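Just so it is clear, none of the values below were taken in a lab; they were calculated from the coordinates. This is a predicted model, so every value here is computed, not measured. Counting neighbours? That spans all protein chains shown, and the Cβs are built from the backbone with ideal geometry, glycine included.
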Amino acid sequence: MFSKILIANRGEIALRIIRACRELGVTSVAVYSDADAKSLHVLSADEAICIGPPQSAQSYLNMPRLISAAEITGAEAIHPGYGFLAENSSFAEICDQCGIVFIGPTAEQIRLMGDKVKARETAVAAGVPVVPGSEAPLGSAEEAAHLARRVGYPLMLKASAGGGGKGMRLVHSATGLGQAFSAASAEAMAAFGNPALYLERYISPARHIEIQLLGDQAGAAVHLGERDCSIQRRHQKLLEESPSPALTTDLRAKMGEAAVRLARSVHYRGAGTVEFLLDGEGNFYFMEMNTRIQVEHPVTEMVTGIDLVKAQIRVAAGEPLALAQEDISLRGHSIECRINAEDPETFVPSPGRILELRLPGGPGVRVDTHVYAGCTIPPFYDSLMAKLIVLGDTREEAVARMLRALGEFEIQGVKSTIPLQKRILSSPDFKAGRVTTRFLESVLV
Amino acid sequence: MDLKQIKAIIKLIHETDVEEIELEQDGRRIRIRRRGLPQIASLTGSAGVSAPLTQVAASLTSAPDTRETTNLITVESPMVGTFYLAPAPGADPYVREGDKVEKGTVLCIIEAMKLMNEIEAEVSGKVHSILEENGQPVEYGQPLFLLEPV
């Protein structure tokens with residue numbers, strides 16, 4: 001086991017990692033920008049180093065400063081958290097070259113899954129169903145049209161080198177394809193310096209179901225069930241739950257096995273998540289793989305009883321997985337609501353000083369947060385303030401428990417998305433488990 | 001009370017309008033007062049192991065504008081690394097306290113990831129104090145020197 005780990009992140013995930021270190025008897029080193037000098041992760045860590053001004057590029061994204069901080073503190077490993085450099089293969093490589101263990105997959109695995117076309121190919125090779133589409137970047141609009149006859153409409157044109165909605169076009173029929181192709185290609189070129197596109201059948205309405213994976217350095221891999229993350233706004237998740245109301249035991253086993261096959265085929269190391277789209281007929285399709293710990297990991301921790309961050313650290317330290325697939329089961333129902341410092345209707349960010357804070361409690365309630373009364377939410381980073389997670393015996397109990405907990409949660413000084421979460425939880429469709437990726441539009445209207 | 005804690009107190013005085021701080025801990029008392037520049041006014045009590053500071057009585061009066069403080073400039077570390085006063089082990093240091101420097105004079109080296117970065121004076125003046133020891137790890141923004149500009 002490592003004696004010292006540097007956490008290359010901030011906010012609630014940095015605190016989460018510090019907690020895991022503390023339980024493992026590992027010394028934790030926090031890094032912070034000037035804007036985070038009084039942040040809870042800094043106050044909680046065993047050691048703390050200021051690494052730069054508020055701008056991420058000169059602090060949390062600055063590789064030389066992070067490596068230097070690890071060197072002067074004698075940290076043997078770096079945990080990158082999520083976001084920032086967590087899926088930056090260059091950073092993973094540099095850590096390697098400097099003799100520092102990067103707590104996560106290998107640089108090669110990050111690169112492979114970061115390339116959307118290669119990730120699809122890897123999935124196909126592992127016998128994982130993928131969204132019907134092109135196996136390689138499309139050479140021309142004519143090639144796209146030809147393929148579209150087989151794949152079917154509606155379809156999505158997507159940038160091979162990108163994401164985040166850029167270089168994407170939804171095409172409803174053959175007549176719109178040519179123009180959409182030119183537009184998407186130009187946009188991809190401008191955004192990523194690469195005009196290459198691929199296409200996929202557009203599956204809608206659909207559920208976003210992701211499978212949590214753990215792999216060790218000896219080649220073993222297990223899955224820890226699913227999370228249903230269909231409630232999203234502009235590809236940002238707001239609420240996640242496990243198990244998914246849409247999955248049968250059989251479907252869970254099939255999807256879990258598919259994800260594990262994918263992990264094994266690349267000897268995946270550490271925690272990872274395979275994202276699928278599930279259509280209305282029980283067909284699931286590989287979308288992408290995230291090679292990091294995710295924001296919503298607590299939902300899986302609640303229903304499996306397994307500490308995922310400690311598992312990541314143990315795997316990185318060379319330990320074999322403690323559990324086999326047959327030891328893992330989902331018990332109860334967990335829901336997580338992300339509480340952001342945003343206006344609950346306009347979603348405009350609301351940084352500032354938290355004047356009063358009252359956290360919910362009681363049975364089955366967990367709050368992962370770095371904020372405290374009197375702290376300041378800086379304007380330079382994301383708006384996530386807290387994750388409110390509940391566990392109930394049944395989905396009904398979990399919903400009732402979440403509504404109770406949201407009612408107890410008080411934040412004064414900044415705006416929060418608590419009112420929106422209450423509306424989601426109260427909606428008849430949500431209570432009935434009728435949720436697809438289109439759900440939020442109907443609530444927001 | 002160890003050197004690290006005393007340095008932290010000096011930094012606190014230097015960065016704020018606090019005039020004077022007096023601390024008492026396990027029979028040891030220290031008073032640090034601003035007069036032009038922070039000075040250690042008295043240190044009584046026997047040597048002992050450091051323990052968490054139990055009591056702070058600070059008088060938070062604003063320093064008068066007409067105090068005779070010189071406008072000392074703090075040279076802060078622009079990076080994370082190891083602070084070296086000399087270009088190589090055993091060599092003469094770049095500067096000593098009292099030395100005159102020009103804008104651009106190399107004051108020290110900060111080593112980061114095996115690269116030596118020379119830190120230059122931004123103004124001409126005199127080296128008033130060297131705040132860190134040779135070979136100390138330093139973080140971004142850490143005060144390294146006090147310069148008295150001409």
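Site pair A:L323 and A:D46 shows an inter-label distance of 2.7 nm when each label is modelled 7 Å from Cα along Cα→Cβ.
Rounded to the nearest 0.05, what FRET efficiency do A:E356 and B:H14 have when you use their Cβ-Cβ distance and R0 = 35 Å?
Details: r = 34 Å, r/R0 = 0.97.
Plugging the Cβ-Cβ distance into 1/(1 + (r/R0)^6) gives 0.55.
Just want the ordering: B:S129, A:S329, from fewest to most Cβ atoms lying within 10 Å of their own Cβ.
A:S329, B:S129
Treating only the Cβ atoms of Lys and Arg (+1) and Asp and Glu (-1) as charged, compute the dipole magnitude of the stretch A:132-201 about its Cα centre; round to the nearest 20 debye.
Values: 6 positive and 5 negative charges, 34 e Å.
Its charge dipole is roughly 160 debye.
Taking a straight line from the alpha carbon of A:K38, these aspartates and glutamates sit under 16 Å away, with near neighbours fewer than eight places off in the same chain left out: A:E12, A:D46, A:E47, B:E139.
Rounded to the nearest Hz, the phi-derived 3J(HN,Hα) couplings of the stretch A:336-348 under the Karplus curve 6.51 cos²θ - 1.76 cosθ + 1.60 (θ = phi - 60°) are 10, 10, 7, 9, 9, 7, 9, 5, x, 10, 9, 6, 5, where x marks glycine and proline.
Fully extending the segment from A:N194 to A:E345, taken as 0.36 nm per residue of separation minus the present Cα-Cα distance, adds 50.8 nm. For the stretch A:117-154, the residues whose backbone nitrogen is under 13 Å from a point 7 Å from the Cα of A:H172, taken along Cα to Cβ, are A:154. A Cβ-based charge dipole, computed about the Cα centre of chain A with Lys and Arg at +1 and Asp and Glu at -1, lands at about 580 debye. When chain A is described by a simple charge dipole with +1 on each Lys and Arg Cβ and -1 on each Asp and Glu Cβ, the residue from A:H297, A:L6, A:G361 located farthest towards its positive end is A:G361.
Of the residues A:G104, A:L406, A:V371, the one whose Cα sits farthest toward the positive end of the charge dipole of the protein assembly as shown, with +1 on the Cβ of Lys and Arg and -1 on the Cβ of Asp and Glu, is A:L406.
For the stretch B:76-150, the Cβ-based charge dipole about the Cα centre amounts to some 100 debye (Lys, Arg positive; Asp, Glu negative; other atoms uncharged).
With the convex hull built on the Cα atoms of the stretch B:73-149, state its orientation-averaged projected area in nm².
Values: hull surface 17.3 nm².
Mean projected area of the Cα convex hull: 4.3 nm².
Run lengths n ≥ 4 of DSSP H only: what is the helix-derived mean residue ellipticity at 222 nm for chain A, with -39500 (n - 2.57) per run over all residues, to the nearest 500? Don't jump to the answer; show the numbers that get you there.
Details: 15 runs with 151 residues, N = 445.
Value at 222 nm, helices only, nearest 500: -10000 deg cm²/dmol.
Note on the stretch A:336-410: along the principal axes its Cα atoms extend 39, 25, 17 Å, ordered by decreasing extent. When A:E187, A:E210 are arranged by Cβ crowding within 10 Å, least crowded first, meaning fewest neighbours, the order is A:E187, A:E210. Given a cut-off of under 8 Å on Cα pairs at least six residues apart, what relative contact order in percent is computed for chain A? That works out to 14 percent. Cross-link partners of A:K118 among lysines, defined as those whose alpha carbon lies under 29 angstrom from its own and excluding same-chain residues fewer than eight positions apart: A:K158, A:K166, A:K237, A:K254.
Less than 5 angstrom separates the built amide H of B:S129 from those of B:L146, all sequence-distant by 5 or more or on a different chain.
Annotation: amide H-H contacts under 5 Å for B:Q142 (H modelled 1.01 Å from N, sequence separation of 5 or more, or interchain): B:S77. Just checking the listed ones, A:D327, A:D34, A:D343: in the Gaussian network model of chain A with Cα springs under 10 Å, the one fluctuating most is A:D327.
Counting, for every residue in B:107-114, the Cβ atoms of other protein chains within 10 Å of its Cβ and taking the mean gives 3. Label zone of A:E397 (point 7 Å out along Cα→Cβ, amide N under 20 Å): in the stretch A:324-353 this covers A:329-337. Protection proxy ranking, highest mean first, for peptides A:134-141, A:59-66: A:59-66, A:134-141, where packing is the per-residue count of other beta-carbon atoms within 10 Å, averaged.
Treating r as the C-beta distance of A:S426 and A:Q236 and R0 as 22 Å, the FRET efficiency rounds to 0.55. Size estimate for the stretch A:293-445 follows the Kirkwood approach: the inverse of mean 1/r over distinct Cα pairs works out to 17.0 Å.
Residues whose amide H lies under 5 Å from that of A:R233, counting only those 5 or more places away or on a different chain, are A:L238; hydrogens are built 1.01 Å from N in the peptide plane.
Let me know the volume per residue of the alpha-carbon convex hull for the protein assembly as shown, in Å³. Please report the intermediate quantities before stating the final value.
Details: hull volume 114.7 nm³, N = 595.
So the per-residue hull volume is 193 Å³.
Shown in residue order for the stretch A:246-257 are the 3J(HN,Hα) couplings computed by the Karplus curve 6.51 cos²θ - 1.76 cosθ + 1.60 at θ = phi - 60°: 8, 9, 8, 4, 5, 5, 4, 4, 5, 5, x, 5 Hz (x for Gly and Pro).
Between the alpha-carbon centres of the stretch A:19-98 and the stretch A:390-412 there is a gap of 33 Å. Comparing mean-square fluctuations of A:S383, A:S426, A:S230 from a GNM of chain A with C-alpha springs under 10 Å, the top value falls on A:S426.
Counting beta carbons within 10 Å around each of A:I328, A:I51 and listing the fewest first gives the order A:I328, A:I51.
Counting only aspartates and glutamates at least 8 places from B:K114 when in the same chain, those with an alpha carbon closer than 13 Å to its own are A:E71. Looking at the stretch A:277-321, the GluC sites (Glu not before Pro) that sit in a DSSP loop and have at most 12 other Cβ atoms within 10 Å of their own Cβ are A:E281. Sequence-ordered 3J(HN,Hα) estimates for the stretch A:189-197 from the Karplus curve with 6.51, -1.76 and 1.60 and θ = phi - 60° stand at 4, 5, 7, 10, x, 8, x, 5, 10 Hz, glycine and proline given as x.
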